[in-house]
Amino acid sequence: QVQVAESGGGLVQAGGSLRLSCAASGSIFRADGIGWYRQAPGKERELVAIISKGGSANYADSVKGRFTISLDNSGNAAYLQMNNMKPEDTAVYHCNVQLRSLFNGPVNTYWGQGTQVTVSS
């Protein structure tokens, strides 16, 4: 089994910073990619940032230049550094991990429970 745990959410004023952490544990051979998604009330879940096992990152236009996604040395954990935050960044942030549990096994997708981020104006 695989577990995905997020941490680091909270309340911050506009212009402030937060750092989210996501860690996968359990039966893991290798994570192929880790992404952060967010869902605001009344809106659909949207991709915020994603990083491949090789370290290649992509960002939503709305967060480019403000957010940075990175991997830890194990490749099974990722961080989302959020700077110059805006009220519109308020949402539940979910971590998505795509990984293989076996060397030749399929890539499966796992979600964390989510962490609330609130940015006050």
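Here are the numbers:
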{"quantity": "Residues (open to solvent by 60 Å² or more (accessible area, probe 1.4 Å) and basic (Lys, Arg)) located in segment 52-77", "calculated": "Lys53, Lys64"}
{"quantity": "Matching residues, segment 100-121, being of a type in the set (S, T, N, Q) and surrounded by fewer than 19 Cβ atoms within 10 Å (Cβ to Cβ)", "calculated": "Ser101, Asn104, Asn108, Thr109, Gln113, Gln116, Thr118, Ser120, Ser121"}
{"quantity": "Subset of segment 13-42 [within 12 Å of Asp89 (Cβ to Cβ), open to solvent by less than 20 Å² (accessible area, probe 1.4 Å) and either in contact with a helix residue (DSSP H, G or I) (Cβ under 9 Å, 6 or more places away or on another chain) or modelled with pLDDT under 95 (or both)]", "calculated": "Arg38"}
{"quantity": "Residue within segment 70-80 that is within 11 Å of the chain's Cα centre (by Cα) and closer than 18 Å to Gln13 by Cα present", "calculated": "yes"}
{"quantity": "Of residues in segment 82-99 being open to solvent by 60 Å² or more (accessible area, probe 1.4 Å) and not in a loop (DSSP other than H, G, I, E, B), the one modelled with the highest pLDDT", "calculated": "Glu88"}
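The values are calculated or read from the model by the stated rules, or taken from the named source; none is laboratory data. All of these numbers come straight from a predicted model, not from anything done at the bench. Using ideal geometry, Cβ is built from the backbone for each residue, glycine included, and neighbour counts are taken over all protein chains shown. Ligands, DNA and RNA are stripped out before the accessible areas are found, and what is left, the full protein with its side chains, is counted by its heavy atoms. Shrake-Rupley method; radii C 1.70, N 1.55, O 1.52, S 1.80 Å.
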